[in-house]
Structure formats: structure tokens, C-alpha cells
Amino acid sequence: MKVLIIGSGGREHAIANSVAKSSKVDKIYCAPGNAGIASLAECVDINAMDIDGMVAFAKEKEIDLAVVGMDDPLVAGMVDALEAAGIRAFGPRKNAAIIEGSKAFSKDLMKKYDIPTAAYEVFTSAEDAKNYLETSKYPIVLKADGLALGKGVLICNTKEEALAGVDELMLDKKFGSAGDTIVVEEFMTGREVSVLCFSDGKTIYPMTSAQDHKRAKDGDQGLNTGGMGTFSPSPFYTDEVDKFCKENIYKKTIDAMASEGREFKGVLFCGLMLTPDGVKVLEYNCRFGDPEAQVVLPRMKNDIIDVFEACIDGTLDKIDLQFEDNACVCVVLASDGYPLSYDKGLPISGLDAFDDKDGYYCFHAGTKFSDGKIVTNGGRVLGVTAKGDDLKAARSNAYAATEWVTFDNKYMRNDIGKAIDEA
Ligand code: AMP
Ligand code: GLY
């Protein structure tokens, strides 16, 4: 079969890597892809948000299955458009992708269906939000309702910070119309766990757990980023936590979506916080996490095409989802200066050292070809990933492998997986 993957980051490289292992797949296209994905797929220069262009390409090439990796095209209705043109597509339709596209929607859903989450209020007027903040407890959390590249969340320690935050989101429109509505949320504490789940709308299976590191600098300092590294599984996601989530979160969420006439098919990513008052949902995403996919998918034993098709066909209950009994760590190599400003176009060497068979992967996030050579093309450049028998072994393998690759201004966190030592 012919598969089209939509997106261009490390997550899409990890998806392509799993798709390439399927015996059912003859040809992979990726739009727009990157220099690493190009070793597995034919990359086509179509912007991931160009819905008409994507549909036309999928029809022309008679694509059997399209896999939408990124949030923005899902929220904009890429799956609906592909389906309308007769192309099978993996991912939620627009009316279900709203679970990530609107934080107010997802909070209201959780409240209505009694799914544990932080207390909150929704505001569409800056004045009302400011009045509310006069008497709130601090710290408090402000969230832009819409998509903001993972950066629309402000943790405010004081009333002054919160009032300035309202200005930033609602009046200065730092994230455009994403800030027309804001959610003001109770501040919670605890460890975070990412659980990506496959759903066919009726059945939902959690994948193995993972943990991201969102801040740019060691010790969770510095600015929020798209994610600087991950490990899987999370030792804090115990059987007890899993049982609680299966009873109170995963199935309840897709049943709630079905009740609302918004059948959720695809990957439901549950961002969880293990608070002193129990497990709470921090956020939902409507797709694989990046860089969570990079540590979860290499550990999956199933043929990923079987799982994608079962989600589309509503037969996920027939799948026995299995993960390897090992661990995986991904360390992101970024360009120094990310997430603010950084150089691009710097040549990368050492990429040939990686071999999947040995459990080492170099997933490309921001790379491209220039004069036949691979150069940096983004803030996050590579996701150096390694398996190990356990988390400590995987971490030491991943950090050893970060030495194999060189480029000017290479920057990474040195404490990815430090939490493992506290387990
Ligand atoms: P989100 O995009 O909603 O996952 O938020 C980004 C990050 O902000 C999360 O990964 C948390 O670290 C933090 N965060 C979000 N909501 C809260 C909250 N209610 N309390 C504490 N931290 C939060
Ligand atoms: N790693 C967090 C995300 O993909 O949103």
C-alpha cells in the first residue's frame, strides 16, 4: 500500500520509521518531511496546512492511507477533507480535534463528564478575567484557548503577573486569535506523565507511558519549548495510576466525545499530573506527542498499519497492543538560542553512526538538504534516541550517542531522565 505522512518533525520521522517496518507498505510519501524522513519516504513539498494541495496530491498518487501527524491540520479539518475525497485517513476529524484546538471546550467536557482536572473559569473579556484575578489564589495558570505552539500557558506567581498575562494573551494578542478566549486554572503540583492512546471511537488502548521535558534548560529552568527530551516508560505511572486512569479518564473521555456527537478516532494524548489529590488531566492533544512518539513507537511490537486501520475501521478491540519490556530515552539536540533565535543551515556530521537494529535512532526534527549535505533547519534539530534494558541503560546509551553527531551551536539538556533516579 501507499502511505502519506503529513508533517515534518521528529514525531513524523518516528511514525515513518514504524510505517517503513510494515510488510504491507510499498511506498511512503511525506509532506513536507525533512532530510531524515527522506531516507524512508519520498518527501513532497506541500505545506502541512495546504489542505487542497494535500488532497489533490493524495488523489493523484492514489494514496491508500494518510496519517496526519500534526495538530494544526487536524484542527483545521485535514481528515474531513481527505475522507471527503475518498482517501482513508488516520486522525480525528475536525469536530473531535477540537479537544486540543480549544482548551475551553476540553475543560467544559471534563467538567460535564466528571473527568478529574484542575478547577477553572473561562473568560472572553479581559475585564472579567481581571476582576476574577483580584480575589484568586496564587500561583494561578492562564491558558490561551486555541493552538499556540505549546506556548500559550502562563504560570503566574502574583496578581501583577496574572494581570499582565491577561493583557499579553487577550489584548496584545501574543498568540493571535488563540487568546480571544482564555482559561484561568488552579495551579497544581506533581509529576507529569504523557499517555498516548489509540482510539477507534469506542475502544481506547493506552500505549506505554512517557515523560517530556518542556523547559529549555537543565533543572526545568528557562523558556518553554516543544520538548527537549523524553523517556519511556515513566516509573511514576504505576499499575495503580494506570487502573485509575482506565476507570476515570481514557474511556470516559472517548465516551464523552461520542455522546457529544464527536467520535474520536486517532491518537488521544492525555497529559496527566500526579497531584497530591490524585491524577488529573492537564491537557488533551489530538495526536502523537513530539518527542513522546520518538520513545514510545520504537517500543511498540505491533505492525503500526494494523493499528491505524483498526482505529479507522472501529475494530481496535481485535488488536492486542504490545510494547517491549525495555526502556527508551530521547535527547533533543537543538540549536543554541532555541526557542528564541538561532542560526540555521549549519552542516551536520555523524548521522551514519545510527542503526535501528542496535536500538539507536536519530530522528530528524529540523533538517534539510543543502548542496547534497544535511544541514540544520530548525530550533530542534535531531532527537537522539536509544533503547536499553532499563531506563538507566537507555539514558546512558542515548547520551553516549549524542556525542556521535556534531554541528555548530549544538545544544542539549544534560538532565533528560534525571527523574529516573528519584523513582
Ligand atoms: P499544557 O499545554 O496545558 O500542557 O501546559 C503546558 C505546561 O504547563 C504543562 O506541561 C505543565 O507543566 C504546566 N501546567 C499547565 N497547567 C497547569 C496547572 N493547572 N498547574 C500547574 N502547571 C500547569
Ligand atoms: N510533547 C508535548 C506535545 O507533543 O505536545
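The values are calculated or read from the model by the stated rules, or taken from the named source; none is laboratory data. Every value quoted in this text rests on a predicted model; they were computed, and no experiment measured them. FYI the Cβ positions are ideal-geometry reconstructions off the backbone, even for glycines, and counts take in every protein chain you see. Surface areas here come from the heavy atoms of the whole protein model, side chains and all, with no ligands, DNA or RNA. Shrake-Rupley method; radii C 1.70, N 1.55, O 1.52, S 1.80 Å.
Among residues of region 45-62 that are closer than 17 Å to Arg88 by Cβ, those with a Cβ under 7 angstrom from a residue that is open to solvent by less than 100 Å² (accessible area, probe 1.4 Å) and among the charged types (D, E, K, R), sequence gap 6+ or separate chain, pair up as Lys61/Lys2; Glu62/Lys2. Restricting Asp408, Asp352, Asp415, Asp421 to those that are open to solvent by 40 Å² or more (accessible area, probe 1.4 Å) and assigned to a loop (DSSP other than H, G, I, E, B) reduces the list to Asp408.
Counting only residues that are away from ligand 2 (no atom under 16 Å from the Cβ), closer than 20 Å to Tyr399 by Cβ and out of contact with any helix residue (DSSP H, G or I) (no Cβ under 9 Å at 6 or more places or on another chain), region 226-270 holds 0 of them.
When region 355-378 is limited to residues that are closer than 28 Å to Val296 by Cα and without any contact (Cβ under 8 Å) to a residue 24 or more places away in the chain, the one that is surrounded by the most Cβ atoms within 10 Å (Cβ to Cβ) turns out to be Asp358.
Under the condition of being modelled with pLDDT of 95 or more, of a type in the set (A, V, I, L, M, F, W, C) and surrounded by fewer than 21 Cβ atoms within 10 Å (Cβ to Cβ), the residues counted in region 319-349 number 4. The set of residues in region 57-74 being open to solvent by 30 Å² or more (accessible area, probe 1.4 Å) and of a type in the set (A, V, I, L, M, F, W, C) consists of Met70 alone. Out of contact with any Gly (no Cβ under 9 Å at 6 or more places or on another chain) and in a helix (DSSP H, G or I), is that true of Lys107? Yes: the conditions hold for Lys107. If you filter region 75-103 down to residues that are of a type in the set (Val, Ile, Thr) and closer than 19 Å to Asn47 by Cα, you find that the one that is most open to solvent (accessible area, probe 1.4 Å) is Val75.
Checked against the criterion of being loosely packed, with under 15 Cβ neighbours inside 10 Å and among the hydroxyl-bearing types (Ser, Thr, Tyr), region 115-122 contains not a single residue that satisfies it. Going through region 129-152 one residue at a time, which ones are open to solvent by 30 Å² or more (accessible area, probe 1.4 Å) and more than 15 Å from ligand 1 (Cβ to nearest atom)? Across region 129-152, the qualifying residues are Lys130, Asn131, Tyr132, Glu134, Thr135.
Within region 137-162, restricting attention to residues that are acidic (Asp, Glu) and without any contact (Cβ under 8 Å) to a residue 40 or more places away in the chain, the residue that is nearest to Leu282 (Cα to Cα) is Glu161. Filtered by the rule that a residue be away from ligand 2 (no atom under 15 Å from the Cβ) and out of contact with any strand residue (DSSP E or B) (no Cβ under 7 Å at 6 or more places or on another chain), region 187-225 gives Lys202, Thr203, Lys217, Asp218, Gly219. Of the residues screened, Glu127 is not one that is over 22 Å from the mean Cα position of the chain (by Cα), in a strand (DSSP E or B) and among the charged types (D, E, K, R). In region 28-40, the residues that are over 16 Å from Ala66 (Cα atoms) and polar (S, T, N, Q) reach residues that are at pLDDT 95 or above and in a strand (DSSP E or B) with C-beta atoms within less than 7 angstrom, at least six apart or across chains, in these pairs: Asn34/His364; Asn34/Thr367; Asn34/Lys368.
Applying the condition of being more than 10 Å from ligand 1 (Cβ to nearest atom) and either modelled with pLDDT under 95 or β-branched (Val, Ile, Thr) (or both) to region 188-212 and asking which residue is surrounded by the most Cβ atoms within 10 Å (Cβ to Cβ) yields Val195. Only one of the listed residues (Ile15, Ile51) is open to solvent by 20 Å² or more (accessible area, probe 1.4 Å) and among the β-branched types (Val, Ile, Thr). That residue is Ile51.
With respect to the conditions (1) under 18 Å from Asp71 (Cβ atoms); (2) polar (S, T, N, Q); (3) open to solvent by 40 Å² or more (accessible area, probe 1.4 Å), Ser259 lacks only one, and its number is (1). Taking region 164-204 as the range and being polar (S, T, N, Q), more than 23 Å from Ile254 (Cα to Cα) and touching an Asp or Glu at 6+ places or on another chain (Cβ under 8 Å) as the test, only Thr181 passes. Restricting attention to region 270-301, the residues that are within 16 Å of ligand 1 (Cβ to nearest atom), closer than 25 Å to Val384 by Cα and not hydrophobic (A, V, I, L, M, F, W, C) total 7.
Residues that are within 13 Å of Ile15 (Cα to Cα) and part of a loop (DSSP other than H, G, I, E, B) within region 257-301 comprise Arg287, Phe288, Gly289, Asp290, Pro291, listed in sequence order. Within region 234-256, one or more residues are in contact with a Gly (Cβ under 8 Å, 6 or more places away or on another chain), more than 24 Å from Glu324 (Cβ to Cβ) and either part of a strand (DSSP E or B) or open to solvent by less than 30 Å² (accessible area, probe 1.4 Å) (or both).
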